[in-house]
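One structure is given here, and the rest of the page talks about it.
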Amino acid sequence: MLNEIKDKNKNKTGKLFVISGPSGAGKGTLREKALNDIKNLVYSISCTTRKPREGEVDGVQYRFITREKFKDDIEKNLFLEYAHVHSDFYGTLKADVMNELKAGNDVLLEIDVQGALQVREQIPEAVLIFIAPPSMKELEKRLRNRHTESEEALKIRLNNAAKELELKNKYDFIVINDDLERAAAELRDLIKNKK
Ligand code: 5GP
């Protein structure tokens with residue numbers, strides 16, 4: 001897919017970066033820091049069928065869409081990748097990513113492991129970075145302190161976290177978020193060096 005763009009737009013194609021990791025590993029904060037620190041790095045806003053959390057705004061954190069619309073978009077082949085995560089659907093629109101890459105911008109996706117592996121199939125040049133917590137114990141502590149999930153939702157997230165961690169070796173790089181500033185600097189340097 002990327003080759004088509006390269007052919008049409010020699011030397012101007014941006015690079016695609018994907019970060020994944022369990023909820024509570026600090027992906028969101030690291031993503032914000034990377035976006036603030038790195039010029040020409042843009043975030044691709046995903047679609048989801050999950051309900052907005054307090055303070056979330058449609059079109060900012062996500063495009064909040066219905067299951068019907070999501071299924072319709074799958075049928076129309078509009079997604080670069082999509083996955084069923086924690087009982088909702090999440091997906092990245094092809095057009096969003098391709099338009100930015102064509103414009104010469106680097107693109108950052110923050111998606112789950114199933115999605116990341118689909119991206120690698122579609123765009124082998126994509127750089128996959130796994131954000132890992134220092135330990136499962138620390139992850140549980142961070143998730144509980146966030147107070148955003150019910151006990152049941154928390155259990156689902158912890159269960160999924162263990163499964164996601166098993167796949168970390170499929171990524172090009174692993175950043176351990178033991179200390180936020182250190183991990184942010186590591187991620188920033190990694191992206192800058194690969195650009
Ligand atoms: P949350 O509901 O906490 O915002 O996100 C839950 C999970 O869905 C996170 O692991 C996040 O990385 C993942 N996610 C967010 N957007 C996408 C997407 O577009 N595609 C996929 N595959 N996963 C996503």
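The values are calculated or read from the model by the stated rules, or taken from the named source; none is laboratory data. Please read all numbers here as calculations on a predicted model, not as lab measurements. Neighbour counts are summed over all protein chains in view; Cβ atoms, including those assigned to glycine, are modelled from backbone coordinates with ideal geometry. Note: accessible area is taken over every heavy atom of the protein model, side chains too, but ligands, DNA and RNA are not part of it. Shrake-Rupley method; radii C 1.70, N 1.55, O 1.52, S 1.80 Å.
Brief remarks on what is shown
- Screening the candidates ARG157, ARG142 for the property of being farther than 28 Å from GLU68 by Cβ and open to solvent by 20 Å² or more (accessible area, probe 1.4 Å) yields one hit, ARG142.
- Checked against the criterion of being under 15 Å from the mean Cα position of the chain (by Cα) and touching a residue at least 60 places away in the same chain (Cβ under 8 Å), segment 132-154 has at least one qualifying residue.
- Unmet requirement for ILE191, which otherwise passes all of (1) over 15 Å from the mean Cα position of the chain (by Cα); (2) over 24 Å from LYS51 (Cβ atoms); (3) surrounded by 20 or more Cβ atoms within 10 Å (Cβ to Cβ): (1)
- Single residue of ASP58, ASP106 found to be at pLDDT 95 or above, in contact with a Pro (Cβ under 9 Å, 6 or more places away or on another chain) and not β-branched (Val, Ile, Thr): ASP58
- Residues in segment 29-83 that are assigned to a helix (DSSP H, G or I) and in contact with an Asp or Glu (Cβ under 7 Å, 6 or more places away or on another chain): ARG31 alone.
- Subset of segment 160-185 that is more than 17 Å from the chain's Cα centre (by Cα) and over 20 Å from LYS141 (Cβ atoms) - its residue that is least open to solvent (accessible area, probe 1.4 Å): ALA185
- Residue within segment 123-131 that is open to solvent by less than 70 Å² (accessible area, probe 1.4 Å) and either of a type in the set (D, E, K, R) or at pLDDT below 95 (or both) present: yes
- Of all positions in segment 95-115, at least one carries a residue that is crowded, with 16+ Cβ neighbours inside 10 Å, within 16 Å of the chain's Cα centre (by Cα) and without any contact (Cβ under 8 Å) to a residue 40 or more places away in the chain.
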